[in-house]
Amino acid sequence: MSIVSLKFDRRYKNANGESPIVFFVNHKRQKCSIPTGIYVMEKHVNGEPNKMLKSSLCNASEVNSELYSLYLKYNKKLQELTESGRASLLSAKEIKRALLFCPMVCTDSFTDYAQRHICKYSGATLSNYKRTLSLVDKFFGGTKVFFDDITAGVLRDMDESWSKSMGVNARSIHFRNIRTIFNRAIDDEVCTKYPFRTFKIKTSAKEKDYLPVELFRKLQDLSFKKSEHTLEMCRDLFLLSFYFCGANLNDIFVWSRKNVSCGKLSFVRKKIAFREPDSINICIQPEAEKLLKKYKGTDGFLLKLNKQYGGNYENFLGYVTKRMGELGGRIGFPKLTFYYARYSWATYADRLGVDEKVISKSLGHTDKSVAGKYYITYDWSRTDEANRKVINYLHNNI
């Protein structure tokens, strides 16, 4: 049974020989205290919750009234937690935070909160988060995990455990996902602790991947049999992504006719849509226009992909991923993935002397600088100029 009691704690004394009046929370054989900040001599104590101090003490009635009011409030809150079933999921310290009506209290488990957080994602990002939560659940043996359970020490133990089956960069993805969940929980005022102040995520230098331009040209010039029309479609989608500065496949999948106006394609990347970033605004180059017409969609969609795959992006992603491996085999680049369109566009742009900020904006990255976020309106004609330059480079026109 969980109880809240109000007591005179004679075990401790200050320099004046006074001891504190304290609330005690007893829960699941755990005990923690809620200080009142009131210290008195033992001779001034009655000991009853409604009359803790003797009337002989100055302001005793006001203090007694305040303490008893808190006593009733804490017990009412504890009763609500018990009747709702939430108390059984909490530790004594979490009960204490709930009693204090701390705005930053999370009675959800870490996993429950994370599941609500990740529902805004899709595709590979969603899969990564699900994998992270699965690993956390496995590490804790399938028991309920609360934010307070994930300390810096626990993160170090995770790192050591996961290092037996994962490289440092693979582990860093999962730790960044956990960190993002903590950051969101703090922003939502459901969590106060932040173990990443002392736990540092390790990474190792990774070689930047891109498709050498000679192989990209080879991919572009591939011919296909009539029976290979789906393989040709995947190649064309790869090119379409490149023509739109490395657009992500999950964005391409949902583009609608509303995204097109006055020869420009405008959209917000799904990956960062919850941050309310500015739209990407890219001029539709002739090469892209040709492919948009080739795969023209219906029911408002820009391309026929969405209807063709019943709106199921996960199935579509799996299909394209498999076909990219086949395409890579044909050009002698077996590790080819759809993301190489994005990597390659950025690498070629850099080689051609395109400003790094233009590359970043063209890729749809959020500008984190104060000036970029609040003062500067980006000129998208700079992206159009860079994009034309990169496409000409691919076509060997410069």
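The values are calculated or read from the model by the stated rules, or taken from the named source; none is laboratory data. Keep in mind that this is a model prediction, so the values were computed, not measured. Neighbour counts are summed over all protein chains in view; Cβ atoms, including those assigned to glycine, are modelled from backbone coordinates with ideal geometry. Calculation scope for accessible area: heavy atoms of the full protein, side chains included, ligands and nucleic acids excluded. Shrake-Rupley method; radii C 1.70, N 1.55, O 1.52, S 1.80 Å.
For region 229-255, give me each residue that is open to solvent by less than 10 Å² (accessible area, probe 1.4 Å), without any contact (Cβ under 8 Å) to a residue 60 or more places away in the chain and in a helix (DSSP H, G or I). D236, L240, D251, I252, listed by residue number. For residues that are small (G, A, S) and at pLDDT 85 or above, scanning just region 18-50, find the one that is farthest from A87 (Cα to Cα). Here the answer is S19.
Just to verify a result, which residue in region 356-376, among those that are aliphatic (A, V, I, L, M) and part of a loop (DSSP other than H, G, I, E, B), is modelled with the highest pLDDT? For region 356-376, the residue satisfying everything is L363.
Does any residue of region 147-170 turn out to be more than 21 Å from E94 (Cα to Cα) and under 18 Å from the mean Cα position of the chain (by Cα)? Checked against the condition, which is being more than 21 Å from E94 (Cα to Cα) and under 18 Å from the mean Cα position of the chain (by Cα), region 147-170 yields at least one hit. Is it the case that some residue within region 323-331 is touching a residue at least 40 places away in the same chain (Cβ under 8 Å), of a type outside the set (A, V, I, L, M, F, W, C) and under 26 Å from S122 (Cβ atoms)? Yes, region 323-331 has at least one match. Taking helices (runs of 4 or more DSSP H) as the structural unit, no element lying wholly within region 257-345 holds at least 2 residues that are over 30 Å from Y378 (Cβ atoms), among the charged types (D, E, K, R) and in contact with a strand residue (DSSP E or B) (Cβ under 9 Å, 6 or more places away or on another chain). Listed by first and then second residue, the pairs with beta-carbon distance under 7 Å, at least 6 apart or on different chains, first residue in region 124-137 and within 13 Å of T180 (Cβ to Cβ), second open to solvent by 60 Å² or more (accessible area, probe 1.4 Å), are T125/K271; N128/I173. Being under 27 Å from K357 (Cα atoms), of a type in the set (D, E, K, R) and surrounded by fewer than 22 Cβ atoms within 10 Å (Cβ to Cβ): is that true of K258 here? Here the answer is no, as K258 does not meet what is asked.
Put simply, of K296, K218, K226, K270 the only residue that is open to solvent by 60 Å² or more (accessible area, probe 1.4 Å) and within 31 Å of the chain's Cα centre (by Cα) is K270. Just need a number here: residues in region 68-86 that are surrounded by 20 or more Cβ atoms within 10 Å (Cβ to Cβ) and of a type in the set (A, V, I, L, M, F, W, C). Going through region 68-86 one residue at a time, the tally reaches 1.
Here are some residues: G310, G353. Which one is modelled with pLDDT of 90 or more, open to solvent by 40 Å² or more (accessible area, probe 1.4 Å) and at positive phi? One residue alone meets the criteria, G353. Against the conditions (1) of a type in the set (F, W, Y); (2) open to solvent by 60 Å² or more (accessible area, probe 1.4 Å); (3) over 22 Å from the mean Cα position of the chain (by Cα), F139 satisfies every one except (3). Any chance region 174-188 includes a residue that's among the acidic types (D, E) and without any contact (Cβ under 8 Å) to a residue 12 or more places away in the chain? Checked region 174-188: at least one residue is among the acidic types (D, E) and without any contact (Cβ under 8 Å) to a residue 12 or more places away in the chain. One residue stands out among those in region 154-208 that are of a type in the set (G, A, S) and surrounded by 15 or more Cβ atoms within 10 Å (Cβ to Cβ): the one that is nearest to Y340 (Cα to Cα), which is S172. Inspection of region 42-51 finds no residue satisfying the criterion of being without any contact (Cβ under 8 Å) to a residue 12 or more places away in the chain, in contact with a strand residue (DSSP E or B) (Cβ under 6 Å, 6 or more places away or on another chain), open to solvent by 80 Å² or more (accessible area, probe 1.4 Å) and not in a strand (DSSP E or B).
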